[in-house]
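One structure is given below, encoded as structure tokens.
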Amino acid sequence: MNHLSQIAQKLPEHDLDALLITSEPGERYALGFHGEGVVLVTRKGAHYSTDGRYMEQAKLQVTGAELTLTYTGKGHMALAKEYMKEHHLERVGFESGQMPVDEYHRWAELLPCILTPAQGLLDGLRASKDPQELEAMRQAQRITDQAFGEILNFIRPGRTEREIAARLVYELLRLGGEKMAFDPIVAAGANGSKPHAQPGDQAVAPGMFLTMDFGCVWEGYCSDMTRTVCVGQPTEEMERVYQTVLDAQKAGIAAARAGVTGKSVDAAARQVMEEAGYEEYFSHSLGHSLGLEIHESPNLSYTNEKPLPVGAVTSVEPGIYLPGRFGVRIEDVVVLGEAGCENLTQSPKNLIVL
Ligand code: GLY
Ligand code: MN
């Protein structure tokens, strides 16, 4: 079933006549097309308005929605209003998690309907990836694994975080990524204790850990991975910390499946940290979902007490961060099934010493 039909089928459950989709990921999810426009999905059909920059391509790619070109004096809102009147749409949901407040007020003033927050409708559907979405995510991850293989040849003492980040961007694009899923994080030595450090002028030196967190986009879908490698020999403490993170990550992956709560998967990894005495240095949740956006719901987090759906794609990324000293994070991306999970990340996880 295509996504437009899936959205239409969900409308009665949410007591809606239609869903108004205005965000880039929402548009991409609904139509499998990215221009810049507005989608209205009703119980019986769909309407897409876009402008002259995208119409020719939309005609080639979009199926299942009536297409209308915006033109001067008649923009998305006016067209949506006309369509709503014509189809007697009274209760219309909108992407309440994506729409700026000012824009909401403009829509609400103009439209002849009751605008109802409905972020959960799309989030619920987007949480379970279908085979085509999974194929795009597998390819995004393949590119990312290859880029990791390439970057290992580039890292050497004297290279700065900034140079390594720039090279990762180059490799991800060269290998076929459409764009970055997010700005790469590259953190050497003491910078590694900041989970989302920004790459700077710190050069890699012998005895340092180097954490790299990066991903690309393929056909709109994101990948995400983190590896921490050591340049020169690690100390015993560094090895112990690395092994603890790896054991926690494996425990998280072993616990990750559909039907259990995000909290229980997070707890499986956290328990390993606790037993090793590092729990207080694992300062974020275990993982997040990803897809058209790098951070989606549901999360593998101590606050998520809901069962995880089949087909959710989540990161599993524990870390230990010792302030002012060093940090280690290891991140894979997995697809949840009823009996366990499939790991999309193929890169090795044993401690690589360069
Ligand atoms: N890999 C970046 C993040 O998960 O926030
Ligand atoms: Mn991540």
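The values are calculated or read from the model by the stated rules, or taken from the named source; none is laboratory data. The structure displayed is predicted, hence computed values, not measured ones. Quick reminder, even Gly has a Cβ in these numbers, built from the backbone with ideal geometry, and neighbours come from all protein chains shown. In case anyone asks, the SASA skips ligands and DNA or RNA and just uses the protein heavy atoms, side chains included. Shrake-Rupley method; radii C 1.70, N 1.55, O 1.52, S 1.80 Å.
Listed here are the strands (runs of 3 or more DSSP E) enclosed by region 33-129 that have at least 1 residues being within 30 Å of K306 (Cβ to Cβ): 37-42, 46-50, 91-94, 114-117.
Scanning region 319-336 for residues that are small (G, A, S), in a strand (DSSP E or B) and more than 12 Å from ligand 1 (Cβ to nearest atom) yields one hit, G327.
Residues in region 25-54 that are among the charged types (D, E, K, R) and touching a residue at least 60 places away in the same chain (Cβ under 8 Å): R28 only. Within region 258-297, the set of residues being open to solvent by 30 Å² or more (accessible area, probe 1.4 Å), of a type in the set (S, T, N, Q) and in contact with a Ser or Thr (Cβ under 8 Å, 6 or more places away or on another chain) comprises S285, S297. There is no residue in region 267-277 that is out of contact with any strand residue (DSSP E or B) (no Cβ under 6 Å at 6 or more places or on another chain), part of a loop (DSSP other than H, G, I, E, B) and within 14 Å of ligand 2 (Cβ to nearest atom).
Filtered by the rule that a residue be part of a strand (DSSP E or B) and more than 15 Å from K250 (Cα to Cα), region 337-354 gives a lone residue, V353.
For region 43-70, the set of residues classified as open to solvent by less than 60 Å² (accessible area, probe 1.4 Å), of a type in the set (S, T, N, Q) and touching a Phe, Trp or Tyr at 6+ places or on another chain (Cβ under 8 Å) consists of T68 only. Is it fair to say S315 is within 14 Å of ligand 1 (Cβ to nearest atom), of a type outside the set (A, V, I, L, M), in contact (Cβ under 8 Å) with a residue 24 or more places away in the chain and open to solvent by 40 Å² or more (accessible area, probe 1.4 Å)? So S315 fails the test.
Just one of the listed residues (L336, L354, L308) is surrounded by fewer than 16 Cβ atoms within 10 Å (Cβ to Cβ) and not acidic (D, E), namely L354. Just one residue in the set F209, F182 is open to solvent by less than 40 Å² (accessible area, probe 1.4 Å) and among the aromatic types (F, W, Y); that residue is F209.
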